Every structure is written in structure tokens, then in C-alpha cells.
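J.: Below: one structure in C-alpha cells.
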Amino acid sequence: MDALYQVLDGHQSDVNWVDFSGQRKLVSCSNDQTIKLWEADNEERQFRPQSISPLKGHAYGVNCVRYSPFGTIIASASTDGNIILWNSQTGEQVVKLMHDSGSAIRVCCFSPSSALLATGSDDETLVVWDISTRRKIKSSSDHEAKITGCAFTPESAFLVSCSSAGDLKLWDTKHGAVNYLLTYEPAHDLGVLSCDFSSQYEVNVAEGPLQSFYLLATGGNDDLVKLWHVRCGVHCTITLSHKLVGHNGNVNCCKFSMDGTLLASAGGDKAVIVWDPRTGNMIHRLVGHSRYVTTCAFSDDNQLLASGSNDKTIIIWNIDNIHVKEIDVNLDRERSNVEKEEDANENGDRERTNDVGNFNRDKYVADWSESDVIDWVVSLGFSKYCSIFRAHHIDEPLGHRNKILRSIMTIKNPLWQQLADDEQNNLRKPSEFCCPITHEIMVDPVIAAGCTIVTGTSSLSTNATTDNILQYKMNLLQQLLNLEKVDPKTIEHYSNRLIVLPLNLTSMSSVAIFAEHVTQVIDRLDFLICNGGVMFVPFSLTRDKQECHMSVNYFGHCLLIFKLIGLLGKGNPNGEKSRIIVVSSGAHHASLGLRIHDLHSTNLYSVYHGYAQSKLALIMFTYRFDRWLQHRTDLRSNMTINCLHPGVCRTGLMERFNFFKLKLIQESPLFRSANEGAETILYTALSSNENGSSGKYFENCSATRSSSVSYDQDLQEKLWIKTCEQLRPWLKIDELSQLCPA
């Protein structure tokens, strides 16, 4: 490879990890749930996908992938809670492993001897596996936060694990056992993100008992790479050696070269830095990715360095050909529509649906014109349908219509492409995240009671949910952030059964005042539908020092529920239980876990994780609140709590998207009507079949399982305590004592 670099495209989401086997084989994994295998030819050393690539077997994003030391096995770790071992030659699954909790697995690492595999997960558990027997040697929950990295010493005698809490733990892995040795904290003030041992180490027997000395590198949220001297023997110590300053963002990954003479680090500043670990000096600063760099790895001969990024690409840097300290390349990865049509003619009718994420990325989907949509159809290889598409009618019985609809599904997915930072403020909110009660953009939550309270609406327009609630002759309290949006005719139409009250969920004081006003207006509450929220907003802290997603989507609702327990606990005169309905989202599956030590994302923020974490927190709160109810004999017979995913609805919001005006997309079966969109909410609130159901998660009018991490009761308990602590200023003494007794 004579060029300075090669760009590998193919993943449809963030590239989370890369790893070399030898000099010519590379493996990568992504949030698109796939593992891709690449191989370089013998002459030009250009990397191309192997015939068995991609490997598919995970239900959610793949967070880590590693070759075994001899390259025969590939281990992959995923958010779905599974570790899969693959045959690297055939691509077949060898075995599937899982932690006891089923929580998302973040990292995995083979011992250099190939005998052991270490895995770390969101449930704060480190597990060491015996590869030959597939059994657990050790399962430890000593960490107090999710595990972000693990690494074995060169001779496989010791293991270091690190967590988002900032600590390092040292383990003895000799003789087929795993024993805890010591903890160093804090290694990084804001959390450790990666760790790796150098292959160079020393053994000393001249001064008594055998002692081994190792060099460890770590990267963290404090933008630093740190080098540590680790001594193991009768007395074990971890001592800081150097701080390597060069990144202007989180250091997401650090990796030594095979011979230990080089160290690479990948950062949130979109840069990869190559260091001399002996001196701590920077050798190269490589900038080429358009998003933050998540991972890096050296080839065995030190000639190549691979880096992966949230821009969905992998760059293979030819270190041997780089003779300057800093290199900044502007990679133009866009292809013209003409080139795409040529590809279509050359490759026939092969599947291109997954390429939609790279189509016309200079223009957001909401701004596509009809001609842009036609160009998109051409890029799928369906030029002959353009005239039919313009007429909004495709009846071809060959499966092509479904192919286009699958591409539409990809487009409407809120995570279908990563946006540049400067695009986030203009982000349009997909319909899945609209208010399923009013089908408008969610501004604040909705409560509905028999008395019904409904929060989260941006207008008082008549809609399916409101109509159904009022048909039951119940009084409806509806909340608005801006009372100027109230339509007097609507209130008059419902006589005195519709009451509108102000509520700002970014202010806990406003929530407390709202709840106090409610208790003065009604004497019981039959239904509380917690539905309001915000999505994908830039980082900001409310007046109460809460991150916006967590304030509006989570803490505001929790406080509202706590304040209205008295009304809900009175039950219904007809003998039916009062129901709390928590509207979450299927997006909670995309969460990176619950960062219990950084709920407000002051250390590390992503608009995607911020939203997904708040929805995951709602589900975990639902399960924990249900357990609290079961211990309250005065309440459990009178009230229930459930959560749900409302689905994707065809609403007025979609009219903002030019392409949605096409009849084909408007009538697509992928979108629900307003009545269909309200079904799960109405079913959970009104169905007699669910009168006694509590602590469940619903989709499509039926109970189903939420993500595995949401069932972690230890994490639920920590979240419950943290929630009570943060809401303490707005809770009365008696309210607080019944929720969190001292």
C-alpha cells in the first residue's frame, strides 16, 4: 500500500471497534449489528471484504470485536447481552455466551495464551471465561459502574479492568483462577474509557521473591492518555508514570503496537495520535475522520494503523509512508448519482437498500425535493419506476415495492445517519417521538384521568385519544406549557369536562405547583398518562441543574407521580384500579446503558444517548415503582403502573418533510394512522383485560420484554435512590419518608 491511507466503507452506523490479525486481516464491528472481515491482497495490500463477510448474529449493536492471538477465533460483544465466538475461517458461530443479568456487553479481550476471555458489561460485572470449557472462572461485581475496558498482561498472568467511574482493578489470573489484588482510583477523574498493556515487561528475582513490571496505557474522559507502571508480586502497585497531552476530546481508545514501541490513541477530537511510549512524545497526529474516532489498532508489523469512527468509516493509515508529524486529509466520500447509476448497471439488481445512509448527505431528508426522491429511487437501481413513482403508484409484484419501503424504514429511523454537530439544532423529530396522544411534537407531558390527566401536548386539537377518553364521560385535565394555544371552542365543546393547567417540565417547582393545583381541582385520579418529552436537543442544564432530556422526560414525570400518589391511591368507585401509564420509546434499546454516576451527562454527552437513556430510565422506574407498590398494602389494591412504546404514527408533523407529501409514502403501511397510534395507550389505560396488570412493558397492545439492562434490579435500586435524592427539595417530609425511608 503505497498511499498514505485507505478508506473502508460498508458499515451503516458507528464503527465501534477494529482489530488486526497479523498484517493482512482486519475485523470491525458497528451499531448496524454486523461484523465485517477485511483482507489485504498480496501485492498492493489493499483491503477488501472477505467472502464470508459480514457476520450476522447479534440483535443490537456490536460494541467490541477481537481476534484470538492465533487468529482462529473472533469474539464479539453486543448490546443484546451476548458474546459470540466465531470461526474466523468459515464465519460460523462456535458458541454464544451471556452474563447472568443479560446486560449489554461493552468489551471483551483474549488472554495472550488464548486460554481465557474477559468480558465486561453495563451491569458492572467482569466475567473471565475458560475458552476450552466455555465455563465461567470468575464473575465479579466489584466495580461500581459499567466496565469500559479490560486487558491481560503479555504472559496472561494478570488482568486489569476499568470502569466509567474512573477506577482500575488488578486481578491475578494465574493457575486457572481469578483473584482480586487491588484498586486504583481515580485513574481518570471523569471515567476510564480504555486500557491496554505493552508487550514489553520485566521480571526481577534479584531482590527476593519474583516481581513483574508492566507498562499500562489508559484513556479517559479527561482528554488524557496516561501511562502507568504496574508491579505485581508479593506487593502489587499501580503508579502513574506519564500524562500524554494532545487530544482535545475524550480518549476513547488506546492501543500498543505488537512490539510495544508505539502507542496509538483515538479521540473525540476526530484525531488519532501515535506516541512514543518510552518518551511520551507525539510522533504523528492523524486527522481524517469527520466524526469522533472510537477505536484504533496496529497491524503486527507496525506498518499499518486502523481507525474507526462514528462517521461509519475505517481508515487504514500507512504509518511507514507518513513522514510528517501532523497530517489532515479531507476525505470526500460522496459519490455522484451518475456513479451510482453506473454501479447499478454494473452490478445488476443487487441489494442497495443499506446504502441509503450515504445518499445525499449534504441535504437532510426533510429537505428532499421530489427530484431528490427520484434520484434516490435511481440509486436503488429502479430507474424504470421513476415515472410511476411520480404518479405515486407502484404495483410491481416482484418485491421491488417492499424494497423501497424497507429503504423508507431506514430513512425514518431516528438514528439512520449521524449528523454533524452543527446540524443538531436543525434536527427534525421523527413521528415515533411525537406525542401519541395528540400526534404533535412533544413539548411537555400529558396526564389523563377519570378524572384523567394528559400532559405533553402542543395543542388542544381533537384527536383519537382525547375523544376516546371523553367518550367514557371522564373529566380531562390537559396540560400546556403555553396557554395561548388553548382553543376556547374546544373547551366549550366539552362543556366543563376539560380543564387546562400550565406546566413546565424543565422546572421541578412548576411540577410541584401543578400537582398542588390538581389536588385542589379533583378528589381522585383514575388515569395518569405520562407522555411529554423532548428529543435530540443540544446539551443544556435546566435551572435545577438537570440535563434537559432527563428533566423533561424523566425527573418531571417521577415528581408528578410522587406528588399524585394520594389521588391515585383512592382507587375507582367501580372497583377498578387507578392506572399510571408511562410512555417510553423503543429507542431505549439503543441506549448505551444507564450512566448512574452521570445521569445529567455533564462528563460525556450525546443527543442520541441522552434521549435513549431518559427513556430507559422511565422503564426502570416503572419496574421499581411496581415493586414499591407491592409492599404498600394500602395502595397495591388500588393502583397499577405500566410503560409502553407507542409506535410510529402518520401525523401532521410529517408534513414538514417534503418527501412525505408523496402519496406512496403517506399511504405506506409502515406508518400508523392517528387512531392506530393511540391504540396501545388506550388499550393499556382502558382495557379491562389489564385492570390488574402492573410492572409491564407494552408494544402493539400486548405485553412484551424491554431491553435486558432494564431488568437489572440493582441498577433500578440505584436509580430509585438517586431519583429520590434529586427530587428531595420538592418533596414533603411525609412524601419522602414513604418513598425512601431512612
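J.: Out of the residues in region 15-72 that are aliphatic (A, V, I, L, M) and free of Cβ contacts under 8 Å to residues at least 40 places away in the same chain, which is most open to solvent (accessible area, probe 1.4 Å)?
T.: Among those residues, the one meeting the criterion is A59.
J.: Still on this model: When only residues in region 73-102 that are open to solvent by less than 20 Å² (accessible area, probe 1.4 Å) and aliphatic (A, V, I, L, M) count, which is farthest from H588 (Cα to Cα)?
T.: Ranking the qualifying residues of region 73-102, first place goes to I74.
J.: C724 - would you say it is over 22 Å from I529 (Cβ atoms), of a type in the set (A, V, I, L, M, F, W, C), under 31 Å from the mean Cα position of the chain (by Cα) and at pLDDT below 90?
T.: Taking the combined requirement at face value, the residue does not satisfy it.
J.: In region 700-733, which residues are open to solvent by less than 50 Å² (accessible area, probe 1.4 Å) and outside any helix (DSSP H, G or I)?
T.: Once the filter is applied, which keeps residues that are open to solvent by less than 50 Å² (accessible area, probe 1.4 Å) and outside any helix (DSSP H, G or I), region 700-733 yields C701, S706, S707, D712, L731.
J.: Can you list the strands (runs of 3 or more DSSP E) lying wholly within region 233-334 that have 1 or more residues being of a type outside the set (A, V, I, L, M) and under 27 Å from I35 (Cα atoms)?
T.: Once the strands (runs of 3 or more DSSP E) in region 233-334 are filtered for at least 1 residues that are of a type outside the set (A, V, I, L, M) and under 27 Å from I35 (Cα atoms), what remains is 251-256, 263-267, 293-298, 304-309, 314-318.
J.: Taking the criterion of being within 22 Å of V534 (Cα to Cα), of a type in the set (A, V, I, L, M, F, W, C) and modelled with pLDDT under 95, would at least one residue in region 703-718 satisfy it?
T.: No: region 703-718 contains no residue that is within 22 Å of V534 (Cα to Cα), of a type in the set (A, V, I, L, M, F, W, C) and modelled with pLDDT under 95.
J.: Are there any strands (runs of 3 or more DSSP E) wholly within region 78-183 with 1 or more residues that are touching a Cys at 6+ places or on another chain (Cβ under 8 Å), and if so which?
T.: Passing ranges, in order: 82-87, 105-110, 116-121, 126-130, 147-152, 158-163, 168-172.
J.: Quick check: anything in region 162-169 over 18 Å from L116 (Cα atoms), open to solvent by 10 Å² or more (accessible area, probe 1.4 Å) and not charged (D, E, K, R)?
T.: yes
J.: Go over the candidates T279, T239 one by one and state the one that is open to solvent by 30 Å² or more (accessible area, probe 1.4 Å), modelled with pLDDT of 95 or more and not acidic (D, E).
T.: The conditions single out T239.
J.: Are any residues in region 550-594 under 29 Å from G102 (Cβ atoms), assigned to a helix (DSSP H, G or I) and either open to solvent by 10 Å² or more (accessible area, probe 1.4 Å) or free of Cβ contacts under 8 Å to residues at least 24 places away in the same chain (or both), and if so, which ones?
T.: If the condition is that a residue be under 29 Å from G102 (Cβ atoms), assigned to a helix (DSSP H, G or I) and either open to solvent by 10 Å² or more (accessible area, probe 1.4 Å) or free of Cβ contacts under 8 Å to residues at least 24 places away in the same chain (or both), then G586, A587, H589, A590 are the ones that fit.
J.: Could you list all residues from region 170-199 that are open to solvent by less than 20 Å² (accessible area, probe 1.4 Å), in contact (Cβ under 8 Å) with a residue 60 or more places away in the chain and closer than 27 Å to G267 by Cα?
T.: L170, G191, S194, S198
J.: Another question, if that's okay. Hey, among the residues in region 204-224 that are of a type in the set (A, V, I, L, M), in a strand (DSSP E or B) and closer than 18 Å to W171 by Cα, which one's most open to solvent (accessible area, probe 1.4 Å)?
T.: L215
J.: Can you tell me which condition G246 does not meet? The list is (1) closer than 23 Å to S606 by Cα; (2) surrounded by fewer than 21 Cβ atoms within 10 Å (Cβ to Cβ); (3) in contact with a helix residue (DSSP H, G or I) (Cβ under 8 Å, 6 or more places away or on another chain), and all the others hold.
T.: (3)
J.: Considering each of T680, T622, T651 in turn, give the residue that is more than 22 Å from G575 (Cα to Cα), modelled with pLDDT under 65 and among the hydroxyl-bearing types (S, T, Y).
T.: Just one listed residue meets the conditions, T651.
J.: Inspect region 200-218 for any residue being β-branched (V, I, T), touching a residue at least 40 places away in the same chain (Cβ under 8 Å) and touching a Ser or Thr at 6+ places or on another chain (Cβ under 7 Å) and give the result as yes or no.
T.: yes
The values are calculated or read from the model by the stated rules, or taken from the named source; none is laboratory data. These numbers come from a predicted model, not from an experiment. For neighbour counting, all protein chains shown are included, and Cβ atoms are generated from backbone atoms with ideal geometry for every residue, glycine included. For accessibility, only protein heavy atoms count, side chains too; no ligands or nucleic acids. Shrake-Rupley method; radii C 1.70, N 1.55, O 1.52, S 1.80 Å.
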